[in-house]
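A.B. asks: Quick one: the structure is below, questions incoming.
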């Protein structure tokens, strides 16, 4: 007895629905598509995103982030407020050079992941990569025990305030590492109304580690560059910026 076959919506002359080994569907049997003509690339200027309505999304209000401004006007950010602050008041100035050499080989990052880059940041501390080999100690859960703020991931406007509070609670001297494209410049969310287009618009940044996301080796390389930066700035850490470091008009 012959088995009945059914064709589901396929016409007899539709060769594109036939198996590849059928004669009607061999290579070259179908007419190749003509390539679309190349169009001119769209170049978007590097400007801040502005809403059509200035009052949209709660706009037109004065900023509530004034912590760094108040800190810059005070004298607390220009002196070492660590545990040995009283000792530094009586020892010679050359001791700063020795202390900076110790700091460069004993970095204590703060565990502050914001988005997907935090997975690569945590991978840098695992046994496979082992960033401790280069004098980068395990991540601290308290800002008062850390001197390096690694911002890994997208920073939203709602999270900008808590991040600045973490930065202020870290004792001087301290450094900041921007990890990932979203952290450095906004990344794929650059035109979003709720994203900070680079954390250097609200706080100082010492080292940028681009990538989406960067590999753990990239973060380790950035931390080694930070160690070199600390050695080059020996005795001059009070002169570093306190607020944003992005150039004006960018």
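A.B. asks: Going residue by residue through the stretch 83-100, is there one that turns out to be outside any helix (DSSP H, G or I) and either at pLDDT 75 or above or touching a helix residue (DSSP H, G or I) at 6+ places or on another chain (Cβ under 9 Å) (or both)?
C.D. replies: Yes, the conditions are met somewhere in the stretch 83-100.
A.B. asks: If you take the residues of the stretch 196-217 that are assigned to a helix (DSSP H, G or I) and in contact (Cβ under 8 Å) with a residue 60 or more places away in the chain, which of them is surrounded by the most Cβ atoms within 10 Å (Cβ to Cβ)?
C.D. replies: Only one residue fits best here, namely 216.
A.B. asks: Within the stretch 108-135, can you find the residues that are part of a helix (DSSP H, G or I), farther than 25 Å from residue 202 by Cα and in contact (Cβ under 8 Å) with a residue 24 or more places away in the chain?
C.D. replies: Listed by number, the residues that qualify are 123, 131, 134.
A.B. asks: Might you check whether a residue that is surrounded by fewer than 17 Cβ atoms within 10 Å (Cβ to Cβ), more than 26 Å from residue 232 (Cα to Cα) and out of contact with any strand residue (DSSP E or B) (no Cβ under 8 Å at 6 or more places or on another chain) occurs anywhere in the stretch 164-180?
C.D. replies: Yes, the stretch 164-180 contains a residue that is surrounded by fewer than 17 Cβ atoms within 10 Å (Cβ to Cβ), more than 26 Å from residue 232 (Cα to Cα) and out of contact with any strand residue (DSSP E or B) (no Cβ under 8 Å at 6 or more places or on another chain).
A.B. asks: While we're here: It is to be established whether one or more residues within the stretch 136-143 are at positive phi and outside any helix (DSSP H, G or I).
C.D. replies: Checking the stretch 136-143: not a single residue is at positive phi and outside any helix (DSSP H, G or I).
A.B. asks: Looking at residue 222, is it touching a strand residue (DSSP E or B) at 6+ places or on another chain (Cβ under 8 Å) and modelled with pLDDT of 85 or more?
C.D. replies: For residue 222, the condition - touching a strand residue (DSSP E or B) at 6+ places or on another chain (Cβ under 8 Å) and modelled with pLDDT of 85 or more - is met.
A.B. asks: Starting from residues that are in a helix (DSSP H, G or I) and without any contact (Cβ under 8 Å) to a residue 60 or more places away in the chain, keep the ones in the stretch 168-195 and report whichever is farthest from the chain's Cα centre (by Cα). If you could, list the steps in order and put the result at the bottom.
C.D. replies: Start the filter on the stretch 168-195 by keeping residues that are in a helix (DSSP H, G or I), which leaves 168-169, 181-185, 187-189.
Next cut, without any contact (Cβ under 8 Å) to a residue 60 or more places away in the chain only: 169, 181, 184-185, 187-189.
Numbers: 169: 20, 181: 6, 184: 5, 185: 8, 187: 9, 188: 12, 189: 12 Å.
Here the residue is 169.
The values are calculated or read from the model by the stated rules, or taken from the named source; none is laboratory data. What you see is a predicted model, and the numbers here were worked out from it, not measured in a lab. Note that each Cβ is placed from the backbone with ideal geometry, even for glycine, and that neighbours are counted across all protein chains shown.
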